[in-house]
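Down below is the structure, laid out as structure tokens.
The values are calculated or read from the model by the stated rules, or taken from the named source; none is laboratory data. None of these values were measured; they are calculated from a predicted model. Positions of Cβ are generated from backbone atoms using ideal geometry, with glycine treated the same way; all protein chains shown enter the neighbour counts. These area figures cover heavy atoms from the full protein model, side chains too; ligands, DNA and RNA do not enter into them. Shrake-Rupley method; radii C 1.70, N 1.55, O 1.52, S 1.80 Å.
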Amino acid sequence: MYPRSVLLALLIALTPGCKTVDCGDGTTERNGLCVAPSQTVSAARCGMLTELHGDTCVPKFPPTTCDPMTTAEELDPSTGVTTCVGTGGGGCSARLACPVGTGGKQTICGQIYDFETGQPFAAPSATGAQCGTGVTFGPCALGFQLRDAGNLSTQLTTGPVYIDDCGRFRIPDVGQPATAPLIALNVDDIGQPGPMGLANPAGVAVAAMANGASRDVEAFVVKPSTIAGWSGPMLMGGIFALVFHSKLTGTDLASGVTMTRNGVPGDVAHTFYFGATAANRTTLDSNARATGVNGTAFYTITTPVATDMYSGTGALPSGCNWEAHLAAAVPGVVFIQTFRPTGSTCPP
């Protein structure tokens, strides 16, 4: 027979729920061990190319570094992903590197298009060479002016503008507008500004983005010979052109779109379209009531209202709508705004 004291000791040792480890302040007991409250001791698994360090999954390899001699880094602020974009080779099909601005400035990059044909505006046999001085034809004869869209008399400062013979451009160190969240980017001749030179002044709106980069911006050259074929819109008061793209990205155009002003289709007296099968923007069709294959509508703004919103209706699946934008009527200027679908069901 065991003494009563021995039996009591055995009973206490076998009783469930009694702790065998006494942990100090700032620690907790897990599986018989004293650990920090935040420490992971389970068999948690990290994602591909990462490993567990304490309670954090970290990359196994250092971040990708772009070769500074042949590429430039482009950071997408929305995803945190950095892409190495080539800065040489590839001809006119290659994208220009477009790094984000710093010090409150912005970078704007894109392609100049011939508004008549919708094709990139490039010099014959273009190679991607940077434009020099004294050129009187092609994209190298053009220049940019950037203004505060809320006060067009205010010109914005920029760094040295890059344009090449492919019509690609990069405008660094763009100062930010003070009166509106939009930048008016104007394309015109360097040597003979105004309607009598190679191009008529043509503007596009770019969203202001301090410490950011606006990529794939579509700028346009509008030739006087193109305007000569438009019967109806009066350039004297300014022409607002709406160009509808059928997808979220890319240059595909949308036919069958009716432009709207504050949700109401534009009236016949102020709204103009091209023919249903007209690929070029040369001849307007007085009977058309929606965009043709060139995806374009004109609206003459005779009574500008700063809060009016322009958009479109039609040619999209259910749950997908056209963007809405403000507009401008600038005497002697063709102001061009691109519109894209927005919504979860839109074509990618």
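Quick one: net charge of CYS166's neighbours, Cβ under 15 Å, K/R +1, D/E -1?
Working: positive: ARG95, ARG168, ARG170; negative: ASP114, ASP164, ASP165, ASP216, GLU218.
Result for the neighbourhood of CYS166: -2.
Only residues of segment 256-287 count here: report those whose backbone N is under 13 Å from the spot 7 Å along Cα→Cβ of THR302, or say none. Under 13 Å, as judged by backbone N against the label point of THR302, lie 267-271 of segment 256-287.
Taking 0.36 nm per intervening residue step and subtracting the Cα-Cα distance, what contour gain separates THR136 from THR102 on full extension?
Numbers: separation 34, 0.36 × 34 = 12.24 nm, distance 3.38 nm.
Gain on extension, THR136 to THR102, equals 8.9 nm.
Taking a Cβ cut-off of under 12 Å around CYS46, the surrounding Lys, Arg, Asp and Glu residues balance to a net charge of 0, with basic ones at +1 and acidic ones at -1.
The fraction of Cα-Cα pairs per 10 angstrom bin, counted from 0 for segment 225-275, comes to 19, 47, 31, 3 percent, rounded to whole percents. Close amide H contacts of GLY312 (hydrogens built in the peptide plane, cut-off under 5 Å, sequence separation of 5 or more or a different chain): THR260, TRP322.
Here the accessible area is traced with a 1.4 Å probe on the protein chains. For segment 101-140, carbon and sulfur cover 53 percent of it.
Where the accessible area of segment 238-290 is counted over protein heavy atoms with a 1.4 Å probe, how much of it, in %, is carbon and sulfur? Each step should come with its number before you reach the end.
On the way: 1310 of 2430 Å².
Answer for segment 238-290 is 54 percent, counting heavy atoms of protein chains only.
For segment 181-279, the average shadow cast by the Cα convex hull is 8.5 nm², which is a quarter of the hull's surface. Within the straight-line cut-off of under 15 Å between alpha carbons, the aspartates and glutamates reachable from LYS105 are ASP148, ASP173, sequence neighbours fewer than 8 places apart in one chain being disregarded. On the principal axes of its alpha-carbon atoms, segment 229-315 has extents of 32, 29, 20 Å, going from largest to smallest. Computed 3J(HN,Hα) for segment 152-162, one whole-Hz value per residue from the Karplus formula 6.51 cos²θ - 1.76 cosθ + 1.60 where θ = phi - 60°, is 5, 7, 9, 8, 8, 7, 9, x, x, 7, 9, glycine and proline marked x.
Here the extension length gained between ALA94 and ARG30 equals 17.4 nm, from 0.36 nm per residue of separation less the Cα-Cα distance.
Given all pairs of different Cα atoms, what value in angstroms does the Kirkwood hydrodynamic radius of segment 95-169 take? Write down the numbers at each step before the final one.
Details: mean 1/r = 0.0724 Å⁻¹.
Final number for the Kirkwood radius of segment 95-169 is 13.8 Å.
Just the accessible area per residue of segment 197-348, please: how many Å² with a 1.4 Å probe?
About 42 Å² of surface per residue is accessible.
The simple spin-label model puts a point 7 Å past each Cα toward its Cβ; for MET196 and THR56 those points are separated by 6.6 nm.
Scoring 176-183, 213-220, 291-298 by mean Cβ neighbours within 10 Å over their residues and listing the highest first yields 291-298, 213-220, 176-183.
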